[in-house]
1. Applying the selection to segment 425-439, what residues are surrounded by 13 or more Cβ atoms within 10 Å (Cβ to Cβ) and not hydroxyl-bearing (Ser, Thr, Tyr)?
2. Counting residues that are in the same structural domain as ALA246 (by TED's automatic domain parsing), modelled with pLDDT of 95 or more and touching a helix residue (DSSP H, G or I) at 6+ places or on another chain (Cβ under 8 Å), which strands (runs of 3 or more DSSP E) fully inside segment 285-346 reach at least 2?
3. Which one of these does LEU422 not meet: (1) over 20 Å from GLU320 (Cα atoms); (2) surrounded by 18 or more Cβ atoms within 10 Å (Cβ to Cβ); (3) touching a helix residue (DSSP H, G or I) at 6+ places or on another chain (Cβ under 8 Å)?
4. Can you tell me which of (1) away from the ligand (no atom under 12 Å from the Cβ); (2) touching a residue at least 12 places away in the same chain (Cβ under 8 Å); (3) open to solvent by 40 Å² or more (accessible area, probe 1.4 Å) is the one PRO179 doesn't meet?
5. Where the second residue is open to solvent by less than 20 Å² (accessible area, probe 1.4 Å) and of a type in the set (A, V, I, L, M) and the first is in contact (Cβ under 8 Å) with a residue 24 or more places away in the chain and within 11 Å of the ligand (Cβ to nearest atom) and lies in segment 196-223, which pairs have Cβ atoms under 7 Å and are six or more apart or on separate chains?
6. Would you confirm whether any residue within segment 152-169 is open to solvent by less than 10 Å² (accessible area, probe 1.4 Å), touching a Cys at 6+ places or on another chain (Cβ under 9 Å) and more than 10 Å from the ligand (Cβ to nearest atom)?
7. What do you reckon, is ILE344 more than 13 Å from TRP433 (Cα to Cα) and surrounded by 19 or more Cβ atoms within 10 Å (Cβ to Cβ)?
8. Given LYS115, LYS94, which one is away from the ligand (no atom under 13 Å from the Cβ) and among the basic types (Lys, Arg)?
Amino acid sequence: MNMQLPNTFTERMQRLLAQDYRAFEEALAQPAPVSIRINRAKVPGLSVNLPLVPWTTSGFYLPERPLFTLDPLIHAGAYYVQEASSMFLEQAFKQTCDLSQPLQVLDLCGAPGGKSTHIASLLSAGSLLVSNEVIRSRANILAENITKWGSGNVLVTSNDPRDFGKLPSFFDVMVIDAPCSGEGMFRKDPQAIEEWSEENVNLCALRQQRILMDVWDALKPGGMLVYSTCTWNEQENEENMAWLAAQEQIESVQLELQPEWGIVPAQLNGITGYRFYPHKVNGEGFFMAVMRKAGGTESSPKSSRKKKYKLTTAGKKERELVQNWFQKPEEYEWLQYGEILSAIPANLFEAADEVYQKLYVIYAGTEIAEVKGKKLKPLHPLALSQHLNKKAFAVVDLDMEQALRYLRKEDINLGSSGNEWLLLQYQNIPLGWAKQVGNRINNYFPKEWRIRMDLPQELPQGVIA
Ligand SMILES: C[S@@+](CC[C@H](N)C(=O)[O-])C[C@H]1O[C@@H](n2cnc3c(N)ncnc32)[C@H](O)[C@@H]1O
């Protein structure tokens, strides 16, 4: 690939990399590796015959970029296409948090959902993940990816970072994958080269400082900040962490690295950051630093005042109707908004209510059903939930072509008859609902998520199975 890098960028990188610069520039001209992260909760026991992204347990490199749209399993949330370097987040969590404990975690800059779905897989079931994206259209994409992942303990919000000041000392961990000048995306996205300028780097660095200050109070004393960008300049990275350390009581946390990973630790004023360069790692440009806020980790005392909840719980009748649609229903609280019934883990009710009181929540837990008089219509997020009780439904296996036609929202013919809801699945993983009405099958796949491209004559192979 022939790429024209901005002169100032080249000069900066030459200063940073010295004799390594040539190898760096050569690596930038190579195609970017393609990688995915498997949703183990949906494909337990799947043995994947692909090279592992070495700092993960579920990330894999693909030999080339397939047409992901034509793999039913991506629509089922069985895996997520994610750049390999950014999966290093797994090490930050595993090395610094007790993941067996329930944690309250914020992913502040969440869309499209790579880090949020990864965090959701790392946390214990009793943990709460607030996945936020300030730009509303992007927040909808985030909610879609969270729904497909199917964890059920995530609240998707769409708030400006400053709104998180309303939740003081709420989070044990905050992930800020900040909007940045995107130098690490140059080989994947040539537009990032076009948009690069020194002024933009300065603007990004200032915006990152503002974001850090806006959310800082929401982190508990003793809590962990994971800060990352996909850029290399020091201003947006180590210098911003050093700037934060000059304002606030924090310490830089060291992570253990395996030498063969090729990750480069970098120091500045007592701050350690982890740098990913394409000539050293099989991934894109990335930076991460982990910082601990000073102070103990005791939780703040709970108010004894009787609370007025914003969340409304479902009536006994409604919850009895849907209970057996979920595994371990006793562990859930059932919520009702108008005709929509949803479920959140019962131990998260108080925390979720607090988030509802203070922020703009666009999706919470798992939407289960729409109540229509005495009848219930199962909703798409239930089909994609990791906690769905398949035994409560008539399940139909589809082949690749039927699955793709269903995902295109075409009429499909299964040669069956009757009158019931059908859970359609592909390779044992649910794709969504259809309703058998006599000989007809009504397709309930969400219109806005459907595959829009035509199917080729010859269908491709699946990506993971
Ligand atoms: C690097 S991307 C996040 C990628 C995401 N963490 C993932 O792994 O899929 C940065 C995100 O920050 C959002 N953003 C832009 N301006 C912002 C601001 N002022 N405050 C917070 N987030 C912002 C962008 O819309 C974008 O979704």
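1. Matches in segment 425-439: GLN425, GLN427, ASN428, ILE429, PRO430, LEU431, GLY432, TRP433, ALA434, LYS435, GLN436.
2. Once the strands (runs of 3 or more DSSP E) in segment 285-346 are filtered for at least 2 residues that are in the same structural domain as ALA246 (by TED's automatic domain parsing), modelled with pLDDT of 95 or more and touching a helix residue (DSSP H, G or I) at 6+ places or on another chain (Cβ under 8 Å), what remains is 286-293.
3. Just one mismatch for LEU422, condition (3).
4. (1)
5. GLN208/ALA178; ILE211/ILE176; ILE211/ALA178; LEU212/ILE176; LEU212/LEU244; VAL215/LEU108; VAL215/MET174
6. no
7. So ILE344 fits the description; yes.
8. It is LYS94.
The values are calculated or read from the model by the stated rules, or taken from the named source; none is laboratory data. Small disclaimer: the values here were computed from a predicted structure and weren't measured. Cβ sites come from the backbone with ideal geometry, for glycine too, and all protein chains shown count toward neighbours. Surface accessibility is based on the protein's heavy atoms, side chains included, excluding ligands, DNA and RNA. Shrake-Rupley method; radii C 1.70, N 1.55, O 1.52, S 1.80 Å.
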